[in-house]
Amino acid sequence: MEPIIQVNNVTKEFKVLNRSEGLKGSIKDLFSHDYKIVRAVDNVSMDIGQGEIVGYLGPNGAGKSTTIKMMTGVLKPTSGSIICNGVVPYDKRTLNAQNIGVVFGQRSQLWWALPAIESFNILKDIYLVEDKDYKDMLELYSTLVDMDSIMHKPVRQMSLGQRTLCDILASFLHNPPVVFLDEPTIGLDVAMKAKIRELVKMLNKEKNTTVILTTHDMGDVDALCERIVIIDKGKKIYDNDIEHLTGLFGAYRTLSVSLSKNKEILTKEELEQMETSVSNLLREQWPDVDMPVSIEDNEIQILVNEAFTGVVKVINAVQDKYKVYDMHITEISTESVIRKIYDGSKIVK
Ligand SMILES: Nc1ncnc2c1ncn2[C@@H]1O[C@H](COP(=O)(O)OP(=O)(O)O)[C@@H](O)[C@H]1O
Ligand SMILES: [Mg+2]
């Protein structure tokens, strides 16, 4: 089947001023012709099929947003070409708008002072959505999220999570074949992240929408993406299934435990004693498994690879022996996965 998005040898360069230091420098800069070229995206190619959810990952400044801006038609490539659903996005921006939905995390596209439903009504008119399709879509939405709690609230009164939820609903409203989500879960708590993931998953399934997702959270990727594309310094370094990636990074979770009531009162020595003691306990219980223990922010951190030990078992073992006052589990970030790819220098193409 013909891919819905084709990115062919796309490069994007920005001309930026070489900044001088200090006040004298900034005055000088006003008249300066001293430019340098930043290559934000460097000869990237990929084909994306209808209905795929692709995780587009990379460290900060790798060129993810720039790629998305070219795919959505906001920026024109310096060289190479893009076709999205038969349209060259940066040449036919209006036509392309019908083909895509976009969410840039933390930057809402909704009207601040209006209740969400009124923003939706405006979008319906802008995108020329038929009455029946609109009604059906709102009905589908109400089976997926608690619409009553958000629809009549002005966007400015919403929590970040509610706003993101509305932004995502808005981006799917005209049933575009492709939706771009740039860092949609940034700043959200665990429960809200789970809600957003579930929503995107259901919408993708229901409408067979192609989704391009950038994120720093490996949990998003785990929950949603079958395919991962990684770029670094503008270059594509990885394009493969999530299974291949999991083979590289394992299934790591960091378990942080606070073993005293007021974590401030523990001295450095006491913390170090605990670190050793926890480390010994884990070695006794799982002699064949390497579980690095460290001190971070006055807490004991245990790096658990769930391919070998369930995190719940580790929690139980720690709780059996110590009084635990607080604990939390964090997912490995996409950055650490990318670092691991470099460390292993096993780049699977
Ligand atoms: N409008 C711009 N002008 C100049 N440089 C830019 C512009 N947009 C992005 N860049 C540069 O391009 C590189 C990639 O940025 P970006 O695509 O935002 O990365 P990411 O989204 O992966 O964090 C960075 O070095 C950034 O500073
Ligand atoms: Mg970005």
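The values are calculated or read from the model by the stated rules, or taken from the named source; none is laboratory data. Not measured: the values here are computed from a predicted model. Don't worry about glycine lacking a Cβ; one is built from the backbone with ideal geometry, like all the others, and counts go over all protein chains shown.
Suppose we keep only residues that are polar (S, T, N, Q) and farther than 20 Å from THR67 by Cα within region 204-227. Which one would you say is nearest to ligand 2 (Cβ to nearest atom)? Give the steps one after another, and end with the answer.
Taking region 204-227 first, the residues polar (S, T, N, Q) are 204, 208-210, 214-215.
Remaining after also requiring farther than 20 Å from THR67 by Cα: 204, 208.
Values: ASN204: 22, ASN208: 26 Å.
It comes out as ASN204.
Just to verify a result, which residue in region 230-247, among those that are within 16 Å of ligand 2 (Cβ to nearest atom) and either part of a helix (DSSP H, G or I) or in contact with a Gly (Cβ under 7 Å, 6 or more places away or on another chain) (or both), is farthest from PHE308 (Cα to Cα)?
Only one residue tops the list, namely GLY234.
Restricting to region 279-303, name every residue that is assigned to a strand (DSSP E or B) and hydrophobic (A, V, I, L, M, F, W, C).
Step one: list which residues in region 279-303 are assigned to a strand (DSSP E or B), which gives 293-296, 299-303.
Correct list: VAL293, ILE295, ILE300, ILE302, LEU303.
Output the qualifying pairs, or none if there are none: Cβ atoms under 8 angstrom, residues six or more apart or on different chains, first residue in region 1-25 and more than 12 Å from CYS84 (Cβ to Cβ), second residue more than 16 Å from ligand 2 (Cβ to nearest atom) and aromatic (Phe, Trp, Tyr).
Close Cβ pairs (under 8 Å, with a partner that is more than 16 Å from ligand 2 (Cβ to nearest atom) and aromatic (Phe, Trp, Tyr)) amount to LYS15/TYR35; VAL16/TYR35; LEU17/TYR35; ASN18/TYR35.
Looking at this structure, is TYR134 in contact with a Lys or Arg (Cβ under 6 Å, 6 or more places away or on another chain), touching a residue at least 24 places away in the same chain (Cβ under 8 Å), more than 27 Å from VAL41 (Cβ to Cβ) and away from ligand 1 (no atom under 16 Å from the Cβ)? Write out each step before concluding.
On the way: in contact with a Lys or Arg (Cβ under 6 Å, 6 or more places away or on another chain): yes; touching a residue at least 24 places away in the same chain (Cβ under 8 Å): yes; more than 27 Å from VAL41 (Cβ to Cβ): yes; away from ligand 1 (no atom under 16 Å from the Cβ): yes.
Spelling it out, TYR134 is indeed in contact with a Lys or Arg (Cβ under 6 Å, 6 or more places away or on another chain), touching a residue at least 24 places away in the same chain (Cβ under 8 Å), more than 27 Å from VAL41 (Cβ to Cβ) and away from ligand 1 (no atom under 16 Å from the Cβ).
Spot the failing condition for ASP241; the list is (1) without any contact (Cβ under 8 Å) to a residue 24 or more places away in the chain; (2) within 16 Å of ligand 1 (Cβ to nearest atom); (3) not hydrophobic (A, V, I, L, M, F, W, C), and only one is missed.
(2)
Under 14 Å from the mean Cα position of the chain (by Cα) and among the hydrophobic types (A, V, I, L, M, F, W, C): which single residue out of VAL54, VAL41 fits that description? Steps first, please.
Values: VAL41 fails: under 14 Å from the mean Cα position of the chain (by Cα).
Going through VAL54, VAL41 in turn, just one is under 14 Å from the mean Cα position of the chain (by Cα) and among the hydrophobic types (A, V, I, L, M, F, W, C): VAL54.
With THR254, THR185, THR276, THR209 as the choices, which residue is hydroxyl-bearing (Ser, Thr, Tyr) and without any contact (Cβ under 8 Å) to a residue 60 or more places away in the chain?
THR276
Checking CYS84 against (1) exposed (fewer than 14 other Cβ atoms within 10 Å of the Cβ); (2) more than 16 Å from ligand 2 (Cβ to nearest atom), only one condition comes out false. Which one?
Of the numbered conditions (1) exposed (fewer than 14 other Cβ atoms within 10 Å of the Cβ); (2) more than 16 Å from ligand 2 (Cβ to nearest atom), the odd one out for CYS84 is (1).
With the condition kept exactly as written, say whether any residue in region 172-180 is under 28 Å from GLU130 (Cα atoms), part of a helix (DSSP H, G or I) and assigned by TED's automatic domain parsing to the domain that holds THR215. Lay out the reasoning, then the answer.
So in region 172-180, the residues under 28 Å from GLU130 (Cα atoms) come out as 172-180.
In the following step, the residues that additionally are part of a helix (DSSP H, G or I) were identified as 172.
Those left that are additionally assigned by TED's automatic domain parsing to the domain that holds THR215: 172.
Within region 172-180, one or more residues are under 28 Å from GLU130 (Cα atoms), part of a helix (DSSP H, G or I) and assigned by TED's automatic domain parsing to the domain that holds THR215.
How many residues does region 91-108 hold that are in contact with a His (Cβ under 8 Å, 6 or more places away or on another chain) and under 20 Å from LEU199 (Cα atoms)?
Qualifying residue count, region 91-108: 1.
Looking at THR214, THR210, which is the one that is touching a Pro at 6+ places or on another chain (Cβ under 8 Å) and surrounded by 18 or more Cβ atoms within 10 Å (Cβ to Cβ)?
Within the list THR214, THR210, the selection yields THR210.
Looking only at residues that are under 21 Å from ASP42 (Cβ atoms) and of a type in the set (A, V, I, L, M) in region 202-241, which one is nearest to the chain's Cα centre (by Cα)?
Step one: list which residues in region 202-241 are under 21 Å from ASP42 (Cβ atoms), which gives 212, 214, 227-240.
So of that shortlist, the ones also of a type in the set (A, V, I, L, M) come out as 212, 228-231, 237.
Numbers: ILE212: 10, ILE228: 12, VAL229: 12, ILE230: 12, ILE231: 14, ILE237: 18 Å.
Only one residue tops the list, namely ILE212.
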